[in-house]
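As C-alpha cells, the structure follows; a few thoughts come after it.
What follows draws every value from the coordinates through simple rules; no lab data is involved. Model, not experiment: these values are computed from the prediction. Positions of Cβ are backbone-derived with ideal geometry, glycine not excepted, and every protein chain shown enters the neighbour counts.
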Amino acid sequence: MEKMERRSFLAAAMAAFPGALIGQSSSTPATTKAVHVADGEDRLGEQHIIGVSTTSFKVLTRDTGGDLFIIQHSNLKKKGGPPRHVHHNEDEWFYVLEGNYIAEVGTERFELKAGDSVLGPRGVPHAWAFVGDAPGKLLIAFAPANKMEAFFRENEKGRKDGVYVNDAAVYKAYGMELLGPPLLVG
C-alpha cells in the first residue's frame, strides 16, 4: 500500500509542473533572461505581510508566461498558517527551507522539516502551518500561476484593526474556496 501511495504521489508531482520545469511553456514569458532574487528578498523589492508570514514573491506570473508563481514565506516565531481551502485550477507545492511545519492534504497529515516537500493537487482541500520554535522558511509554488499572484496582493489587504481576516468572497473571486479554520497549533 505504501509503495502504491508513493507512486501516486510521485506521478502527481511529476504531472504538476511539466511546462514550468521542463521548459515547455504554453506561452512566451515576459522575462527572457535570468532573474536573481536573494534569500528573503522580493522579486520587485516589495514587502508583503500575509497572515502570520512575511512573504517574498520569487518568480512572478509574468516571468513564466503564467505557468508558475513561487513565493517564500518566512515565519520568525509566530505559529500558524492559512485556513483550510481548495484550489480548483492550481497545483500547490510546498518545500521547507528551514524550520518545522505541518501540512494536511486531503485526509493525510505530514510533519515537515528542512528538505521535505509535499504536493497539494488541485481540487484537494489542504492547509499548512508553521509549528517550529526556531524561524522557518517555506517555498510555495503554484502551477499554473493563474490568478495566485493577484490573490496574494488582494489578500494581504485583509487586516482589520491589526488582525488578519480571511474573506470567503476573496477566495472565490480567485478560483478557490475557503473551507474551514487554520490548523490548530500549540
Quickly work out the Lys78-to-Ala114 label distance, labels modelled 7 Å from Cα along the C-beta direction, and quote it in nm with one decimal. 2.4 nm
Place a point 7 Å from Cα of Glu177 in the direction of its Cβ. Which residues in region 110-132 have their backbone N less than 20 Å from it? 120-128
How big is Rg to Rh over region 103-175, alpha-carbon atoms, Rh as the Kirkwood inverse-mean-distance radius? 0.97
If unit charges are put on Cβ atoms (+1 for Lys and Arg, -1 for Asp and Glu) and the dipole of region 73-124 is taken about its Cα centre, the option from Ala103, Asn75, Gly120 lying farthest towards the positive end turns out to be Asn75
How do Trp93, Trp128 rank when sorted from fewest to most other Cβ atoms within 10 Å of their own Cβ? Trp93, Trp128
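Test of understanding: express the Cα radius of gyration of region 81-127 as a ratio to 2.2 N^0.38 Å, with N the residue count.
1.09
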